[in-house]
Structures are given as structure tokens and as C-alpha cells.
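Let me begin by presenting the structure, written as C-alpha cells, before commenting on it.
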Amino acid sequence: METDKKLVLGLFGFGVVGEGLYKVLNLTPTLNARIKKVCIKHPDKKRNAPPELFTTNKNLLLDDPEINVIVEMIDDADAAFDIVTTAFKNGKSVVSASKKMIAEHLPDLIELSRSNEVSFLYEAACCASIPVIRNLEEYYDNDLLHSINAVVNGSTNYILTKMFEDRLSFRDALIQAQQLGFAESNPTLDVEGYDALNKWTFLLCHSYGLLLKPANLVFTGIQNITSDDALQADTKDCVIKLVASAKKLKNGNVAAFVLPHFVKKDDQLAFVKNEYNGVVIESSFADKQFFYGKGAGSLPTASAVLSDISALRYGYKYEYKKLFRDQQNELTNDFYVKAYLAFTDWSHVHKEDFESIEEWHSNDHNNYLVGIIHFKKLQENDWWKKNNVSLVLTADPIIESLEIVKLKKRSLELAGFGGSFALSGSN
């Protein structure tokens, strides 16, 4: 196997990650890789590299026969897709960190990279310094993966950490995250769950062979989580995390979503704080394994890009073994979840969607319930995202069988408030 292949890189983007990669490559001469040209959008911007390294002409990189690897790290998903697909057609391998582009176009990207016999690696697109994709591809390349639960967005995790530990409001925690550079000036993609959703879309491909569009998955972010929710978590000996979750059910299908969770304080994910990411993988023989590291930042992300570049010396490719096996997994919405919902007005809650209500509380400023709901109800409706309703799944939330639901069900009549839910008291 060839291990000393010379890599000549064409780099798209020279932000914090691109500059970090440039610095790391200069410190790693044994890698036998060099950046020949960098394509940038704003030529007048001052950069910490020789001016002759830069160009605004993408074709100088894509058409250069000496450049055999394109490293793509820009924030325009459409432009990134054009760059990557052109590189494939020109016989160049690609290392990418563009999670939105990958999530939206993964089927086409897999087909094009395979048909042109080039590598397409993107460890840096999720969890930065944590080698989760490579582990799912190599170590967990069998059908014995029970579940995977992950904190994959550092911005939301920082905000939730400050809300829980420092009792900050969501707004104050967000402002602090922005001041420290952990959240963008427009934080919508992070706090509303889109960033985590994009990452989860392609991690599910490597976990269970599910080739999905982001629109296939139920998700929300932390935009409606309040300080009262954090206090409720504390009373339940939990913290709140935005968790990307997948579990193989007894019928062989896979439940998958991105939703806030109550996480027990002794759970591994509870120890993932501030801007860090964490992944817990459970399999038949290895039980639970915990991966932890910085999920963002210049050097952590550059280290993941560097790892992919290094792997190209060996001609490494993702094999997508689970995607191409004869018997494939399927995504399902046929299960139940136990959820906490907080709201300002009972009229904002579709009470009839619940199989049972196990806990409820109502007063002038704080209303919440804990109940069991069929997951399909969340997929088909969005009332639970509106009117400042905050939904948080309980710890170990998935209930597979209606019989189990019936055994646990507390009838509304026995609870003393009938089917009208015209509540004014507390449990």
C-alpha cells in the first residue's frame, strides 16, 4: 500500500480553520503535503500567508493537474457543491468541512466520488477533533450498533451549560456565547437545531446506512428552553442537552431525531460542557463507548482536516458498508416517546395527541406536563415548536410498544381532571 504519496493541495477558504490548517501543515513536514493555491472571495483582506498563495479564480485550483486534493471549507453550500463535484470529475480527491452541503447532497456526492474513483472525506464536518466518522466506518462496521447519542453543536451546548450552571437566561447565555465567538451574530442555524440536524443526517449514514435528507428527520433546537426548564431538569437530577439520537428498535428499524433531552447527571453526555462535543456509542459487545473533545475552533477543526489529508496518503476511502449491504435499515416513526412540555397557555398544547399524562403542573407563570406521545404526532405537527412551547424528551425516552404504554398509562379521569384539561392547580 502506498504510504508516501505526495499531496498537493488546493484550498478553498482561508478563515480560522483554513489558516489553522496552513499553520499545522507548516509544522508537519513529515506529512509530505503542501498547499499550492488558496481560493478566496475577498482579495483585499489581510492574511497571515504570502500574497502569491491566493487567488479568486477557482479554476486555477480545479484545473491544475498537479493539485490532487481539494480541501473545501467555505460557508456557501451551493458554491461548495459545485467545487466538490467539479473536483471529482477532474479526478481530484476532496476533504470537506461543509456540513450543510454534505447533508443536502450526500447521495450525489457518494455516487460521483465512487464513479470517479476518488476519495471524499469529511471528518471535520462533525465534532471537529473527535474521530467519530472513522470509528463508525471501521470499528462499528457491523450490524451490532444499538444506539448512538451525541452532543454535536458547541454553541447550543455552551448556552445550555451557562443556563444550568450559572442560572443565566437564554438571552444572556447566548450573548455571552456570541462575545466569546462560540455563536454567530445570527445564531439561528445553531440555536434552532439546523446545524445539529445537518451533522446528524450524514452521521446516520455511517451509523446505520440511512441515506436521508434533513427534511426526513424530526428536530428542534433550544430556542424555547427557559431558565424554568433548567430548574425542572435540576429537580429531576438531570441537565438539558440538545441530543442527536438514534436507536435500533426490536423490530429492526431505526428511530432517529435531534431534540432537547433531560440527561441524567451521571450520564456521560452530562459531562460534555461549554463548547465541547461528545458521542456515546452503544453496541452489543463493546457496551458504551464515550468520545469527547472540542467540537469547533480553528485548531481542533484543522486537526480533523489534517487527519483526513493524512489518510489520503494511503488512498483511504469511506466504504459505506452499511449503506451497500443487502439488508438495509429503515427509519421509523412508529414508536412512542416520553416528553416534558412547558408552555404559557394550555390552548397551545394538543392535549388529545397524548396517550397519557403522567405529571402536570399549572400556575400563573409556569405550566408543564410530562406525558407519552406517539412520535408520528411530532412528525406530522409542529404545534410543539410554536408559541414558546418547549419540548424536552425525558431520559431514555423511547417506548416501543403500545402494551407498555397501556401498562404505564394513568387515565385522565383517575387523575381527576377528565379530558378537558381545564387545569388550574398543581400535582
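You can think of it this way: the chain between residue 48 and residue 78 has 8.1 nm of extra reach, that is 0.36 nm per residue less the Cα-Cα gap. Rolling a 1.4 Å probe over the protein heavy atoms leaves residue 81 with an accessible area of roughly 50 Å².
Here's how it looks for residue 331: its modeled amide H is under 5 Å from those of 254, which are all 5 or more places away or on a different chain. Using a probe of 1.4 Å, the accessible surface attributed to residue 165 totals some 90 Å² when neighbouring protein chains are kept in position. When the residues 241, 376 are ordered by accessible surface, computed with a 1.4 Å probe over the protein chains alone, the sequence from largest down reads 376, 241. Each principal axis of the Cα cloud of segment 219-262 was evaluated for its coordinate range; sorted largest first, these ranges are 38, 22, 10 Å. I'd like the distance separating the alpha-carbon centroids of segment 329-362 and segment 8-34, in whole Å. Between the Cα centres of segment 329-362 and segment 8-34 lies a distance of 49 Å. Taking every DSSP bridge with both residues inside the chain, close to 70 percent are antiparallel. Heavy-atom accessible area, probed at 1.4 angstrom with all protein chains present, ranks 101, 73 as 73, 101, highest first. Let me check I've understood the local charge: for residue 388, count other residues with C-beta under 15 angstrom from its C-beta, Lys and Arg +1, Asp and Glu -1. What total comes out? Local charge sum for residue 388: -2. Using a Gaussian network model of the chain in which every pair of alpha carbons under 10 angstrom is joined by a spring, one finds that among 60, 341, 168 the greatest mean-square fluctuation is at 60. The label-point distance for residue 359 and residue 395, in a model that sets each label 7 Å from Cα toward Cβ, rounds to 1.1 nm. Amide H to amide H, with H built 1.01 Å from N, residue 274 comes under 5 Å of 161, counting only residues 5 or more places away or on other chains.
Computed with every protein chain present, the accessible area of residue 344 is close to 100 Å² [probe 1.4 Å]. Heavy-atom surface analysis with a 1.4 Å probe gives the chain a carbon and sulfur content of 47 percent of its accessible area. Taking 0.36 nm per residue of separation and subtracting the Cα-Cα distance, full extension of the segment from residue 251 to residue 265 would add 2.0 nm.
Rolling a 1.4 Å probe over the protein heavy atoms gives the chain an accessible area of 44 Å² per residue.
Largest accessible area first, the listed residues 206, 365 line up as 365, 206 when surface is computed with a 1.4 Å probe on the assembled protein chains. In angstrom, the C-alpha Rg and Dmax of segment 1-57 are 12.3, 44.
Set against the 2.2 N^0.38 Å expectation for a compact globular protein, the chain has a Cα radius of gyration ratio of 1.06.
The values are calculated or read from the model by the stated rules, or taken from the named source; none is laboratory data. Not measured: the values here are computed from a predicted model. All Cβ positions, glycine included, derive from the backbone under ideal geometry; neighbour counts span all protein chains shown. Just the protein is used for accessible areas: all its heavy atoms, side chains included, with ligands, DNA and RNA removed. Shrake-Rupley method; radii C 1.70, N 1.55, O 1.52, S 1.80 Å.
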